[in-house]
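To start, the structure itself, in structure tokens.
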Amino acid sequence: MESIWHQTAKFAPCPPLSGDLKAEAAVIGGGLAGILTAAFLTEAGVSTVVLEANRTGFGQTGNTTAKVTAQHGAIYRQLESAHGAETARLYAQAQQEAVEDYQRLIADRRISCGWERLPAYLYSMEEENVLDDEYAAEKRAGLPVELTVETGLPFPVKKAVRCDRQAQFHPLRLLYYLADGLTIYEKTRVLEAEGDTLRTEHGTVRAQHIVFACHFPFVNVPGYYFMRMHQERSYVAAAGAAKLPGMYYSVDEGGLSLRSAGELLLAGGGAHRTGENRGGGKYEALTRSAALLLPGLQPLLHWSAQDCMTLDGIPYIGQFSANTPHWYAVTGFGKWGMTSAMAGAKLLCGLILGREPAFAGLFSPQRFTPAASAAALAENSVHAVRDLSRKLLAPARGAAVSLPPDHGGVVELGGEKVGVYKALDGTLYAVDVRCPHMGCQLEWNPDEKSWDCPCHGSRFDRYGKLLDGPAQMGLDAARQEEKRG
């Protein structure tokens, strides 16, 4: 289902690339990070093109809850523990500066995007120690925080950390304002990158500088981002409710993220590693949780989003790899893409313009943090080995005819193990169950009616059409014909 942002903002289609061209900079990806980067470069006099595989803003920017805050969950105590107090301070400074950069940008250009300064709250209904520790870490990092039990929520909390001078907005209205006037080619998926050349379905682009702002970099080598990130999916339900005086994020297991958007309340939660939702029921669980806190709440629409998670909890922003000095990456926002997109765009523009940008060392994709990264790297490796071996060793989970209508699964069809979606009328749609990215076995997500990769997060619709990368192509049909069950 479309998000509230897509339903309330429109952008005229841009043409696909037609033929070959040259530019000083090419940005892959038309989300907020890519459009901010392209806008800043263009204003600096750098001829820049944006190559977008779908439509501008139709990736994760259009599905976010759009909280513009430096308070990124209970992250600062973890940053201090893993990286030290100075890294936590620099991270807080970069994110809070991003909030103020949005403020100036929107005020100077009088952009109508629902920009509203509000406090952000971390809250708990169960225990207090986590918030005591987080408050102390955020205070040491320089954020404007205080401990409180007064949140403005219509239910009591045990404790909360209030962070002042944060904001929320309509992300697509800002994005579309900035995109207007840029050189954007939509429906132009980049298939290969080599040196200064990008090959698409419709021609090539040669550029002195290439920015990978496509959520998850699709180039495996160099960079090895597939080893250093995984993706997680989360869910949002929107319902009519009284306006809240702040933005809220629960630190409790199964807790909710809350914010108002006009006359709607957005409730988020249900996060899981992409490809690990075979049981489904995320929207129902989210609705039940919200109704317990806000009796009578009746969701009107829902949607989901996907986030890249780095090994050490800090985004990768900077030179793509040591061997590609004119390639740049901006990825791994860990569910807090609004401020990280702004910080990333500023940092990359500084690198491209030959200036030494602030926070370059903090976000560098070449950083080496073994103590902070070892556990996450081991977990990612376990997932990759397990999910690669499923295709070879795990049997099908039943026969195609056993699938209920409007459901999918890894089943046996014609003596083969395939992915099958069974339509309401009984028609079976079979796809190759191997992800074309690196061959991991896909899993059915009943909440989204999609095939999801548990290794690296690629997603495909029920018929095999590509939804999310790093895969660059859809699924080969295991059977081209439609079969009646």
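Some points to look at:
- When the C-alpha to C-alpha distance is required to be over 30 Å, the pairs from 187/346; 243/346; 346/449 that qualify are 243/346; 346/449.
- Separation in nanometres of the label points that stand 7 Å from Cα toward Cβ, at residue 54 and residue 109: 2.3 nm
- Summarising the strand pairing of the chain, around 75 percent of its internal DSSP beta bridges are antiparallel.
- Summed over the residues of region 220-315 and divided among them, the accessible surface reaches 38 Å² per residue at a probe radius of 1.4 Å.
- Region 258-278 and region 306-358 have Cα centres lying 25 Å from one another.
- Approximate shape of region 168-225 as ellipsoid semi-axes (Cα gyration tensor, √5λ), whole Å, largest first: 25, 16, 10
- Applying a 4.7 Å Cβ-Cβ cutoff to the chain, the cysteines left without a disulfide-compatible partner are 14, 113, 163, 214, 308, 349.
- In this structure, residue 24 and residue 191 have a Cβ-Cβ separation that, at R0 = 25 Å, corresponds to a calculated FRET efficiency of about 0.70.
- Relative contact order of region 100-160, defined on C-alpha pairs under 8 angstrom at six or more residues apart (%): 35 percent
- Most to least packed among 83-89, 210-216 [average Cβ atoms within 10 Å]: 210-216, 83-89
- Cα-projected label distance for residue 10 with residue 278, points at 7 Å along beta-carbon direction, nm: 4.4 nm
- With the highest mean first, a sort of the peptides 436-447, 246-257, 61-72, 414-425 on other beta-carbon atoms found within 10 angstrom per residue produces 61-72, 436-447, 246-257, 414-425.
- Reduced Cα scattering model of region 286-376, Debye log10 I(q)/I(0), q = 0.22 Å⁻¹: -1.07
- A prolate overall shape is assigned to region 1-157, the ratio a/c of its alpha-carbon gyration tensor axes (a ≥ b ≥ c) being 1.5 or greater and a/b exceeding b/c.
- Helix-only CD estimate at 222 nm, as mean residue ellipticity for the chain, using -39500 (n - 2.57) per DSSP H run (n ≥ 4): -8500 deg cm²/dmol
- Over region 136-201, accessible surface divided per residue gives 44 Å², non-protein components excluded, 1.4 Å probe.
- The distance from the alpha carbon centre of region 415-478 to that of region 1-48 is 28 Å, rounded to a whole number.
- Total charge dipole magnitude, the chain, about the Cα centre, Cβ charges on Lys, Arg, Asp, Glu only, Debye to nearest 20: 440 debye
- Computed over protein heavy atoms with a 1.4 Å probe, the accessible surface of region 410-460 works out to 26 Å² per residue.
- Fully extending the segment from residue 224 to residue 424 would add 67.9 nm, taking 0.36 nm per residue of separation and subtracting the current Cα-Cα distance.
- Ligands, DNA and RNA left out, the 1.4 Å accessible surface of the chain is 52% carbon and sulfur atoms.
- Pairwise Cα separations in the chain fall into 10 Å bins from 0 onward with the following percentages, short to long: 4, 19, 30, 28, 15, 4, 0.
- Reference-scaled alpha-carbon Rg (2.2 N^0.38 Å with N residues) for region 182-271: 1.64
- For region 212-263, averaging the sequence separation of C-alpha pairs within contact (under 8 Å, six or more residues apart) and dividing by the residue count gives a relative contact order of 24 percent.
- The mean sequence distance of close C-alpha pairs (under 8 Å, at least 6 residues apart), as a share of the length of the chain, puts its relative contact order at 16 percent.
- The coefficient of translational diffusion for region 132-290, derived via Stokes-Einstein from the alpha carbon Kirkwood radius under 20 °C and 1.002 mPa s, stands at 107 µm²/s.
The values are calculated or read from the model by the stated rules, or taken from the named source; none is laboratory data. Worth saying up front: this structure is predicted, and the values here are computed from it rather than measured. Please note: Cβ atoms are built from the backbone with ideal geometry, for glycine as well, and neighbour counts cover all protein chains shown. Side chains included, ligands, DNA and RNA excluded: accessible areas come from the protein's heavy atoms. Shrake-Rupley method; radii C 1.70, N 1.55, O 1.52, S 1.80 Å.
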